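Chemist: I have a structure I would like to understand better, so I am pasting it below and will then ask my questions one at a time.
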Amino acid sequence: MGPLLFLIYVNDLPCASSFQTTLFEDDTSLHLSYKVIETLQLNVQNELDKVDNWMRSSRLSINYNKQLI
């Protein structure tokens, strides 16, 4: 799928969770911050569950093998 079609397809992902979402070509970044680490851990898991549900309903999958730079 070309980058433009991908962006159109995933355009509503930011509405699926409270993550700050950056969409660029065929790459997506999710960001979340809290002052208390325990709160951050709980909220990240809750938001990842929401993203997972959105991904499943959109028939998409995450590339877990992609390396972070």
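Chemist: Would you be able to tell me the number of residues in the stretch 28-67 that are surrounded by fewer than 11 Cβ atoms within 10 Å (Cβ to Cβ), of a type outside the set (Ser, Thr, Tyr) and either more than 13 Å from the chain's Cα centre (by Cα) or assigned to a strand (DSSP E or B) (or both)?
Modeler: Pass one, the stretch 28-67, residues surrounded by fewer than 11 Cβ atoms within 10 Å (Cβ to Cβ): 29, 31, 33, 35-39, 45, 56-57, 59, 61, 63-67.
Retained after the next criterion (residues that are of a type outside the set (Ser, Thr, Tyr)): 31, 35-38, 45, 56, 59, 63, 65-67.
If we keep only those that are either more than 13 Å from the chain's Cα centre (by Cα) or assigned to a strand (DSSP E or B) (or both) as well, we get 31, 35-38, 59, 65-67.
Qualifying residue count for the region: 9.
Chemist: Kindly evaluate residue 22 against the criterion of being among the hydroxyl-bearing types (Ser, Thr, Tyr), surrounded by fewer than 13 Cβ atoms within 10 Å (Cβ to Cβ) and assigned to a helix (DSSP H, G or I). Write out each step before concluding.
Modeler: On the way: among the hydroxyl-bearing types (Ser, Thr, Tyr): yes; surrounded by fewer than 13 Cβ atoms within 10 Å (Cβ to Cβ): yes; assigned to a helix (DSSP H, G or I): no.
When the stated conditions are applied, residue 22 does not pass them.
Chemist: Might you check whether a residue that is of a type outside the set (Phe, Trp, Tyr), under 29 Å from residue 4 (Cα atoms) and free of Cβ contacts under 8 Å to residues at least 24 places away in the same chain occurs anywhere in the stretch 34-42?
Modeler: Restricting attention to the stretch 34-42, the residues satisfying the condition of being of a type outside the set (Phe, Trp, Tyr) are 35-42.
Applying the additional criterion that residues be under 29 Å from residue 4 (Cα atoms) yields none.
Within the stretch 34-42 (the criterion being of a type outside the set (Phe, Trp, Tyr), under 29 Å from residue 4 (Cα atoms) and free of Cβ contacts under 8 Å to residues at least 24 places away in the same chain), the answer is no, since none of the residues qualifies.
Here, each number is a calculation from the coordinates, and none is a lab measurement. Just so it is clear, the model here is predicted, and its values are computed rather than measured. Because the Cβ atoms are built from the backbone with ideal geometry, glycine has one as well, and the counts that use them run over all protein chains shown.
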